[in-house]
Amino acid sequence: MRNSLRKIALAAGAAAAAVTFGATTASAGVAAPTWTVGPSSPETFSASSGTVTLVLNGVPMTCTSSAASGNLATASGTTNVQVGTIAPLTWSGCTSPFGPVTPTADTSTSWKLNANTYSSGVTSGYISGVKATLKVLTCTFTVTGNVAATYTNSTGVLAVSNNATYKLTVATVTSGCAGIAAVGNNPTYTANYNAVTPSGGSTKPTIVYTP
């Protein structure tokens, strides 16, 4: 009787081990959702934009051009997945109804490009860690937060905007900012950056999501 019970216990243990091993093997064969960067990863990029506009309290502050550089890299995950960084970023030819504007991007900590959704070659997400200082007349104010972003593989355009979820906020102001900016204001920023590979290349980076 004792031997019979021992045989039953051994058989049950072997069956459980087989089930566990099979489950482990099956799980190992399932690929994690992945945001794949091409044509290689990591991929460096430089990008330029024509007119960009920051609107604060209905007043546009416009720059004739903007330039950015950064890196893209393949990453695993579904949403809020970091697929790139941006540093540095500059603006040129900036003005407003108040006069010339001097904006300076703080990319000492790289801004992060994050992916959320993908459809027909278009990745939608946001850029986080945005921080910039703007000077106009006697006013100096800082802006921090996030901006909404989409990247289109076919055109290589990184389009930047704001919405209720991803927005910028005025964080600090100097005493000369009365009537121009106040802490808590939410300016909007719009720009279209054309991404290209380094050294004047023409191959556009791609981002493809595989669930």
**Report entry** Heavy-atom surface of segment 41-197, accessible at 1.4 Å and reported per residue (Å²)
**Finding:** 44 Å²
Query raised in the report: Residues with amide H under 5 Å of residue 166's amide H, sequence separation 5 or more or different chain, H placed in the peptide plane at 1.01 Å from N; which?
Result: none
Query - Rg(Cα) / (2.2 N^0.38 Å) computed for the chain, rounded to two decimals - result: 1.49
Report task. Give me the percent of the accessible area of segment 54-211 that comes from carbon and sulfur atoms, probe 1.4 Å, all protein chains in place. Result -> 56 percent
Query raised in the report: How much mean residue ellipticity at 222 nm does the chain get from its helices, if each DSSP H run of length 4 or more adds -39500 (n - 2.57) and you divide by all residues, to the nearest 500 deg cm²/dmol?
Result: -4500 deg cm²/dmol
Query raised in the report: Say each of residue 104 and residue 34 gets a label point 7 Å from the Cα, pointing the same way as Cα to Cβ; how far apart are those two points in nm?
Result: 4.3 nm
Report summary line: Once both label points are put 7 Å beyond Cα along the C-beta direction, the residue 128-residue 188 separation in nm becomes 2.4 nm
**Report entry** Rounded to whole Hz, the Karplus (6.51, -1.76, 1.60) HN-Hα couplings of segment 123-128, x for glycine and proline
**Finding:** 9, 10, x, 7, 10, 10
Report summary line: Checking 45, 141, 98 against a Gaussian network model of the chain (alpha-carbon springs below 10 Å), the top fluctuating residue turns out to be 98
Query raised in the report: Hey, how many Å between the Cα centroid of segment 151-203 and the Cα centroid of segment 48-76?
Result: 4 Å
Report task. Would you pull out the residues with amide H under 5 Å of residue 193's amide H, same chain only if 5 or more places away, H placed 1.01 Å from N? Result -> 158, 159, 160
Query raised in the report: How large is ³J(HN,Hα) for each residue in segment 49-62, as worked out from phi by the Karplus curve 6.51 cos²θ - 1.76 cosθ + 1.60 (θ = phi - 60°), to whole Hz, x for Gly and Pro?
Result: 9, x, 4, 10, 9, 10, 10, 10, 6, x, 9, x, 10, 10
**Report entry** Other-chain or far-sequence residues with amide H under 5 Å of residue 65's (modelled H)
**Finding:** 52, 92
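The values are calculated or read from the model by the stated rules, or taken from the named source; none is laboratory data. What you see is a predicted model; the values in this text were computed from it and never measured. Please note: Cβ atoms are built from the backbone with ideal geometry, for glycine as well, and neighbour counts cover all protein chains shown. The protein model used for the area step is the full one, side chains on, heavy atoms only, and it has no ligands, DNA or RNA in it. Shrake-Rupley method; radii C 1.70, N 1.55, O 1.52, S 1.80 Å.
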